[in-house]
1. Have a look at 78, 95 and point out the one that is closer than 25 Å to residue 141 by Cα and surrounded by 15 or more Cβ atoms within 10 Å (Cβ to Cβ).
2. Could you look through the stretch 44-57, keep only residues that are of a type outside the set (A, V, I, L, M) and loosely packed, with under 11 Cβ neighbours inside 10 Å, and pick out the one that is farthest from residue 141 (Cα to Cα)?
3. Given the structure, is residue 67 loosely packed, with under 10 Cβ neighbours inside 10 Å, more than 19 Å from the chain's Cα centre (by Cα) and in a helix (DSSP H, G or I)?
4. Quick check on the stretch 149-171. Is at least one of its residues more than 30 Å from residue 117 (Cα to Cα) and among the basic types (Lys, Arg)?
5. Which is free of Cβ contacts under 8 Å to residues at least 12 places away in the same chain and within 30 Å of residue 163 (Cα to Cα), of 46, 50, 74, 64?
6. The conditions are (1) among the aliphatic types (A, V, I, L, M); (2) surrounded by 13 or more Cβ atoms within 10 Å (Cβ to Cβ); (3) out of contact with any Ser or Thr (no Cβ under 6 Å at 6 or more places or on another chain); (4) outside the structural domain of residue 11 (by TED's automatic domain parsing), and residue 171 fails exactly one of them. Which is it?
7. Out of curiosity, is residue 11 modelled with pLDDT under 90, loosely packed, with under 14 Cβ neighbours inside 10 Å and out of contact with any Cys (no Cβ under 6 Å at 6 or more places or on another chain)?
Amino acid sequence: MKPRKPRKIRQFWLKQLHTWHWISAAVSLIGMFLFAITGITLNHAATISAAPQVTARQAMLPPAQLPLLANPPASDAPLPAPVAGKIKELVGLDPAGRPGEWSDEEVYVAMPGPGSDAWVSLDRATGAIEAEYTDRGWISYLNDLHKGRNSGTAWFWFIDVFAVACLIFTITGLLLLQIHARHRPSTWPLVALGTAIPVIIALFLIH
């Protein structure tokens, strides 16, 4: 009668591993698919051509708002909220909350994003606005998401959660391999092969 307890323990952990494995797979499924696709596009970035689309706009800030630019604030301070709101209305780019480069003549605000670049330059004396937006296409957008480039706080935390889900998926998969390995003789040779290939390439074929 004693073997029943070890068998129950094994069944308990087997159930737990299966549960955490499929949950982590479900959570990370789309993320792994996108990261795999963008891994390919990043690896072949030189051969995937893209024609950036550049849009330039000009406008004038209302004279009533010029006094808001008279006294430059601390370095890298954002534009005053009314000025930022008016710029968004006039040129379609929103510099609100972004750090600005203040000089005696102008304020320059860079607004990079995933797959895009944008900037606004504002003449402090005349209120002349120059703005430019560059769209590098959806492949560049996905590539930048892969790298976490200019993608914001929410995406930063998503990558962390996604990475944890992938770790759980991998670790539970390895433990499940261990449990089922005796019935599948090729398990550990395949694991060893999957480990050896990147190690050999890294040590001997990367210069």
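1. Numbers: 78 fails: closer than 25 Å to residue 141 by Cα.
None of the others qualify; the one that does is 95.
2. As a first pass, look at the stretch 44-57 and keep what is of a type outside the set (A, V, I, L, M): 44, 47, 49, 52-53, 55, 57.
If we keep only those that are loosely packed, with under 11 Cβ neighbours inside 10 Å as well, we get 44, 47, 49.
Details: 44: 15, 47: 17, 49: 14 Å.
Restricting to residues being of a type outside the set (A, V, I, L, M) and loosely packed, with under 11 Cβ neighbours inside 10 Å, the top hit is 47.
3. Values: loosely packed, with under 10 Cβ neighbours inside 10 Å: yes; more than 19 Å from the chain's Cα centre (by Cα): yes; in a helix (DSSP H, G or I): yes.
Here the answer is yes, as residue 67 does meet what is asked.
4. Taking the stretch 149-171 as the starting set, the residues that turn out to be more than 30 Å from residue 117 (Cα to Cα) are 164-171.
With among the basic types (Lys, Arg) added as a condition, the list becomes none.
Within the stretch 149-171, not a single residue is more than 30 Å from residue 117 (Cα to Cα) and among the basic types (Lys, Arg).
5. On the way: 50 fails: free of Cβ contacts under 8 Å to residues at least 12 places away in the same chain; 74 fails: within 30 Å of residue 163 (Cα to Cα); 64 fails: within 30 Å of residue 163 (Cα to Cα).
Of the residues listed, the single one that is free of Cβ contacts under 8 Å to residues at least 12 places away in the same chain and within 30 Å of residue 163 (Cα to Cα) is 46.
6. So residue 171 meets the others, but not (4).
7. On the way: modelled with pLDDT under 90: yes; loosely packed, with under 14 Cβ neighbours inside 10 Å: yes; out of contact with any Cys (no Cβ under 6 Å at 6 or more places or on another chain): yes.
Yes; evaluated as a whole, the condition is true for this residue.
Yes/no matrix, rows are residues, columns are (1) outside the structural domain of residue 60 (by TED's automatic domain parsing); (2) crowded, with 18+ Cβ neighbours inside 10 Å:
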| position | (1), (2) |
| --- | --- |
| 101 | no, no |
| 108 | no, no |
| 113 | no, no |
| 122 | no, yes |
| 125 | no, no |
| 132 | no, no |
| 147 | yes, no |
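The values are calculated or read from the model by the stated rules, or taken from the named source; none is laboratory data. Being a predicted model, the structure only gives us computed values, none of them experimental. So basically every Cβ, Gly included, is an ideal-geometry build from the backbone, and we count neighbours across all protein chains shown.
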